[in-house]
Amino acid sequence: MSAAVQEVDVVVVGGGPAGEVVAGRCADHGLSTVLVERELVGGECSYWGCIPSKTLLRPGDVLAAARRVPGAAAAVAGPVDVPAALARRDLMTARWDDAGQQRWLAGHGVRLVRGTGRLAGPRRVAVAGGPVLVSRRAVVLATGSSAVLPPVPGLAEVRPWDNRAATAAKEVPARLLVMGGGAVGLELAQAFRRLGSAEVTVVEGTPRLLPREEPFAGEQVLAALTREGVAVRLGTLVASVARAGSDGPVTATLSDGTAVTADELLVAVGRRPATADVGLGTVGLAPGRPVEVDDRMRATGVPEGWLYAIGDCTGRAAFTHMGKYQARVAASALTGGDLTDRAGRDAVPRVTFTDPQVCAVGLTAAAAGDRGLAVRVVDVATGEVPGAYVLGDGAEGTTRLVVDADRGVLVGATITGSGVQELLHSATVAVACRVPLGELRHAVPPFPTVSEVWLHALEALGV
Ligand SMILES: Cc1cc2nc3c(=O)[nH]c(=O)nc-3n(C[C@H](O)[C@H](O)[C@H](O)COP(=O)(O)OP(=O)(O)OC[C@H]3O[C@@H](n4cnc5c(N)ncnc54)[C@H](O)[C@@H]3O)c2cc1C
């Protein structure tokens, strides 16, 4: 075997949250493990996704929470300290330096190879400018996803912001136009508005925000954004865009014939699996397509079961926590465990970190109906419990439980309100573990917490 060809047990391509977890677990079990990463270990989430976006939202969130509390409101009358907020973002992203993550890998005995990895036939990964790695046990693809740039005339030429430019911004634009009313677009629209953008406009092609969640969720976020001065244009498309000069403002012409001018244009219309250039064709799979996997994360259609895929590149629920769950499933398969993917079909938790937040798990009422379940739905007010009153005035939101009446279990829940993200996990436990409704009566929520909303919801269900 030539020196450039190296044999190891497991080769992981892509060091985002999914790749890191599977590599760490395999190495912990004594498998010789190499992680190939072409940019920063930690991936999109750590540097241009979850972490910076939530950090940019946090100052505005805290101020809004304080403004709801008589006695605190007067103390927070001023604006956000933007330089400090951006400095905090820089700290939280480790200034786009992955030294800490490299130490973590080393601590677990994972060998890091920097470079772009590509499948080069069964069990082989060729690293550009580096070794050819041959895996004895498995290759795990964890190459993530990239932002979609829709084919709008003029869009590429105006150098729009994607999630990377937005989350790494060095200043707050006076006017921001956001294409896309999903979680990424709405979070960043609210973050920049609260950081001081004077004009923020969101343009969404479908008739509602957060189109995949319960309809009331998008309506409540729409009302809150409108109150804060964010303009939202629903059922509207960006038809064309042009920038004045090389650095001037961008003007977008919309499908209704109106125009919006902004200093920056953020494109947040979705992501596609990063599989176009990873050599899928060399093992009989279609380049550019999501890698389809079974419930142990083994790629389907690849003989001998040596190829695995996890995280965004599978085209499944594109969340860090789901990528890490899939990593635990794949690691279990590779180390003799018995974990299979069940949550991916029935119990995906998701949080849109706007204010109000939209927290959901499992099926919406419509999705449960589409599956032919005997659906029962109850809605109660998230804010009408003493725990919410204690948190401040104007607590709003809705808690919806979706029940499969035949089996007597929850199949979905949506909780909206301010700062309710930690409440979601109680619903996730009930949905993922298929807790019979009657058993939930014995899960007593402490007083005075917002969790008492469970009592109202169970009462409304007659449990
Ligand atoms: C603005 C924004 C906010 C988000 N907020 C949240 C949130 O709050 N919560 C949440 O759960 N999710 C959130 N997400 C989604 C989350 O970031 C992704 O689901 C997560 O990063 C996917 O992890 P991954 O490991 O599959 O891929 P990635 O994080 O994309 O990592 C893939 C890695 O593979 C590397 N790579 C790719 N191809 C190769 C190759 N050929 N060779 C070597 N290396 C390669 C890349 O450089 C990258 O480091 C957000 C996303 C965005 C854009």
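The values are calculated or read from the model by the stated rules, or taken from the named source; none is laboratory data. For clarity, every value in this text was computed on a predicted model and none was experimentally measured. When we count neighbours, we look across all protein chains shown, and the Cβ atoms used for this are built from the backbone with ideal geometry, even at glycine. Just so you know, the surface numbers come from the protein's heavy atoms only, side chains and all, with ligands and any DNA or RNA stripped out. Shrake-Rupley method; radii C 1.70, N 1.55, O 1.52, S 1.80 Å.
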Every residue from region 322-367 that is in contact with a Pro (Cβ under 7 Å, 6 or more places away or on another chain), outside any strand (DSSP E or B) and within 20 Å of ARG212 (Cβ to Cβ): GLY323
Condition check for GLY372: without any contact (Cβ under 8 Å) to a residue 24 or more places away in the chain and among the small types (Gly, Ala, Ser): yes
Region 289-303 - residue that is within 25 Å of ASP28 (Cβ to Cβ) and away from the ligand (no atom under 13 Å from the Cβ) and, of those, least open to solvent (accessible area, probe 1.4 Å): ALA299
Scan of region 304-326 for residues that are open to solvent by 70 Å² or more (accessible area, probe 1.4 Å) and either outside the structural domain of PRO17 (by TED's automatic domain parsing) or in contact with a strand residue (DSSP E or B) (Cβ under 9 Å, 6 or more places away or on another chain) (or both), ordered by number: ARG316, HIS321
Residue within region 184-191 that is within 16 Å of the ligand (Cβ to nearest atom) and open to solvent by 20 Å² or more (accessible area, probe 1.4 Å) present: yes
Qualifying residue in region 385-398 (condition: farther than 30 Å from ILE310 by Cβ, part of a strand (DSSP E or B) and touching a residue at least 12 places away in the same chain (Cβ under 8 Å)): yes
Entirely in region 17-87, the helices (runs of 4 or more DSSP H) that have 1 or more residues that are away from the ligand (no atom under 16 Å from the Cβ): 17-28, 50-67
Selection within region 250-279 - farther than 12 Å from PRO160 by Cα, of a type in the set (Gly, Ala, Ser) and open to solvent by less than 10 Å² (accessible area, probe 1.4 Å): GLY279
Matching residues, region 309-321, being in a helix (DSSP H, G or I) and more than 7 Å from the ligand (Cβ to nearest atom): THR314
Where a residue in region 229-244 is not assigned by TED's automatic domain parsing to the domain that holds VAL260 and open to solvent by 40 Å² or more (accessible area, probe 1.4 Å) and its partner, wherever it lies, is aliphatic (A, V, I, L, M) and modelled with pLDDT of 95 or more, with Cβ under 7 Å and at least six apart: none
Residue within region 409-421 that is within 16 Å of the ligand (Cβ to nearest atom), assigned to a helix (DSSP H, G or I) and open to solvent by 10 Å² or more (accessible area, probe 1.4 Å) present: yes
Unique match (being in contact with a strand residue (DSSP E or B) (Cβ under 9 Å, 6 or more places away or on another chain) and on the phi > 0 side of the Ramachandran plot) among GLY42, GLY14, GLY24, GLY71: GLY14
Flag if ASP247 is away from the ligand (no atom under 13 Å from the Cβ), of a type in the set (Asp, Glu), open to solvent by 60 Å² or more (accessible area, probe 1.4 Å) and at pLDDT below 95: yes
Tabulated pairs, region 203-224, first in contact (Cβ under 8 Å) with a residue 12 or more places away in the chain and more than 15 Å from THR236 (Cα to Cα), second open to solvent by 50 Å² or more (accessible area, probe 1.4 Å) and among the basic types (Lys, Arg), C-beta under 7 angstrom, 6+ apart or interchain: GLY218/ARG208
Qualifying residue in region 41-60 (condition: open to solvent by 40 Å² or more (accessible area, probe 1.4 Å) and among the hydroxyl-bearing types (Ser, Thr, Tyr)): no
Residue identified as farther than 29 Å from PRO273 by Cβ, at pLDDT 95 or above and either away from the ligand (no atom under 16 Å from the Cβ) or within 24 Å of the chain's Cα centre (by Cα) (or both) among ALA223, ALA169: ALA223
Qualifying residues in region 150-163 (those that are at negative phi and surrounded by fewer than 16 Cβ atoms within 10 Å (Cβ to Cβ)) - the one nearest to the chain's Cα centre (by Cα): PRO150
Among the candidates ALA343, ALA388, residue that is over 21 Å from VAL429 (Cα atoms) and touching a helix residue (DSSP H, G or I) at 6+ places or on another chain (Cβ under 6 Å): ALA388
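Rundown of residues vs (1) within 11 Å of the ligand (Cβ to nearest atom); (2) closer than 19 Å to GLN6 by Cβ; (3) outside the structural domain of LEU265 (by TED's automatic domain parsing); (4) of a type in the set (Val, Ile, Thr), yes/no style:
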residue: TRP104; (1), (2), (3), (4): no, no, yes, no
residue: VAL113; (1), (2), (3), (4): yes, yes, yes, yes
residue: LEU119; (1), (2), (3), (4): yes, yes, yes, no
residue: VAL132; (1), (2), (3), (4): no, yes, yes, yes
residue: SER135; (1), (2), (3), (4): no, yes, yes, no
residue: VAL139; (1), (2), (3), (4): no, yes, yes, yes
